[in-house]
Structures are given as structure tokens and as C-alpha cells.
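Colleague: After the C-alpha cells below, expect a handful of questions from me.
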Amino acid sequence: MIEVKGTWHVLAVNDLEKSTQYYIDILGFKLEFSVEGWRFLSRGVFRVMLGECPDEVPASEINNHSYIAYINVEGIDALYAEFKNNGAKFTQEVADKPWDMREFGIVTPDGHRMMFGEEIES
């Protein structure tokens with residue numbers, strides 16, 4: 001049987017050092033591996049590969065196409081509080097949604113947007 005074991009989100013960033021520090025300091029990721037022009041980071045099973053592309057159009061200029069992931073979590077309120085305390089920039093504050101999810105959204109310095117959600121128990 002075939003099983004997907006995990007995913008890596010590959011993101012172009014304009015300033016690799018600045019973006020790496022944001023993921024570590026603000027979002028709580030840890031550095032897994034580093035090689036010239038790339039940083040591999042993870043927070044649990046959520047993994048990103050940041051590739052330095054200083055001459056590319058930043059994600060902040062591609063509007064809705066800048067969404068990279070919807071991350072299902074346990075402990076949404078604690079995660080929201082952690083990110084808020086660390087200075088994350090939010091696109092949406094934490095709130096219950098009609099689709100039975102409690103969620104919030106953030107945006108990185110490069111403009112990549114992510115949504116974090118937890119199922120609301122009925």
C-alpha cells in the first residue's frame with residue numbers, strides 16, 4: 001500500500017537569513033539542514049525548504065497565490081498565543097468558522113500566507 005509520509009513546502013525567499021530567522025524565532029521551527037542557498041526547517045511534521053531567490057517576485061505581490069499551506073493542529077489557542085507573543089503578523093485572528101474549524105492566518109516577511117486550524121468538537 002502506498003502512503004504519503006510527509007511533505008516539504010518549497011518556498012522562494014528574497015533574503016534567506018531574514019526568512020530563516022523568522023521561521024525559527026517567530027514560528028518556532030528548528031533548522032534541520034543548511035547548504036548554500038537553502039535552509040531546511042521543521043516544526044513537527046510541518047517542513048519547509050527555503051530557497052534564496054533574491055531577484056524573484058516576492059510572494060507578497062502575488063496576492064491569493066501566496067497561500068502555501070493549511071496546517072491542522074491540536075492546541076490552536078496556545079499556538080495563536082505563542083505566535084502573537086513572538087510578534088507574528090496575522091491575516092486573520094483566531095476564530096471559530098462555520099465549517100467547524102477554529103483557525104487563524106499568518107503572513108511571513110516574504111508574503112507567504114498560511115492558515116492554521118483545529119477541528120471544533122461538536
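The values are calculated or read from the model by the stated rules, or taken from the named source; none is laboratory data. Quick caveat, the model's predicted, so the values are computed rather than measured. All Cβ positions, glycine included, derive from the backbone under ideal geometry; neighbour counts span all protein chains shown. Quick note on the areas: whole protein, heavy atoms, side chains included, nothing else; ligands and nucleic acids left out. Shrake-Rupley method; radii C 1.70, N 1.55, O 1.52, S 1.80 Å.
Colleague: Among the lysines, which have Cα under 28 Å from the Cα of LYS84 when same-chain residues fewer than 8 positions away are ignored?
Modeller: Partners within reach: LYS18, LYS30, LYS97.
Colleague: Which aspartates and glutamates, on any chain, are close to LYS89 with Cα under 14 Å apart, when same-chain ones fewer than 8 places away are left out?
Modeller: Output for LYS89: ASP25, ASP110.
Colleague: Would you mind checking the radius of gyration and Dmax of the chain based on alpha-carbon positions, in Å?
Modeller: According to the Cα coordinates of the chain, Rg and Dmax are 14.8, 48 Å.
Colleague: Compare the peptides 34-40, 1-7, 112-118, 67-73 by average per-residue count of other Cβ atoms within 10 angstrom and give them in order, highest first.
Modeller: In decreasing order of mean packing, 34-40, 1-7, 112-118, 67-73 become 112-118, 67-73, 34-40, 1-7.
Colleague: So, one more: Taking 7 Å along the Cα-to-C-beta vector as the label spot, tell me the ASP25-GLU3 distance in nanometres, rounded to one decimal.
Modeller: So the two model labels end up 3.9 nm from each other.
Colleague: With a probe of 1.4 Å, find how much accessible area the stretch 3-113 has per residue, and write the answer as a whole number in Å².
Modeller: On a per-residue basis, 59 Å².
Colleague: Obtain the nm distance between the two label points defined at ASP55 and ASP96 by a simple spin-label model: each point lies 7 Å from its Cα along the Cα-to-C-beta direction.
Modeller: 5.2 nm
Colleague: Using alpha carbons only, how many degrees (0 to 90, rounded to 10) separate the axis of helix 16-25 from the longest principal axis of the chain?
Modeller: 30 degrees
Colleague: Another question, if that's okay. Under the rule of at least 5 residues apart or a separate chain, name every residue whose amide H is placed under 5 Å from the amide H of ALA69.
Modeller: MET115
Colleague: Still on this structure, please answer the following. Apply the Karplus parameterisation 6.51 cos²θ - 1.76 cosθ + 1.60, with θ equal to phi minus 60°, to every residue of the stretch 28-43 and state each ³J(HN,Hα) to the nearest whole Hz, in sequence, with x for glycine and proline.
Modeller: Each residue's phi maps through the Karplus curve to give x, 7, 10, 6, 8, 7, 9, 8, 3, x, 9, 9, 10, 10, 8, 9 Hz.
Colleague: Based on DSSP, what percent of beta bridges with both residues in the chain are antiparallel, to the nearest 5?
Modeller: For the chain, the DSSP antiparallel bridge percentage is about 65.
Colleague: A further question on this structure: Please name whichever of MET115, TYR23, ALA59 sits farthest to the positive end of the charge dipole of the chain, dipole taken about the Cα centre and charges placed at Cβ: Lys and Arg +1, Asp and Glu -1.
Modeller: TYR23
Colleague: Round to the nearest 10 and give me the degree value, 0 to 90, for the angle of helix 76-86's Cα axis relative to the longest principal axis of the chain.
Modeller: 40 degrees
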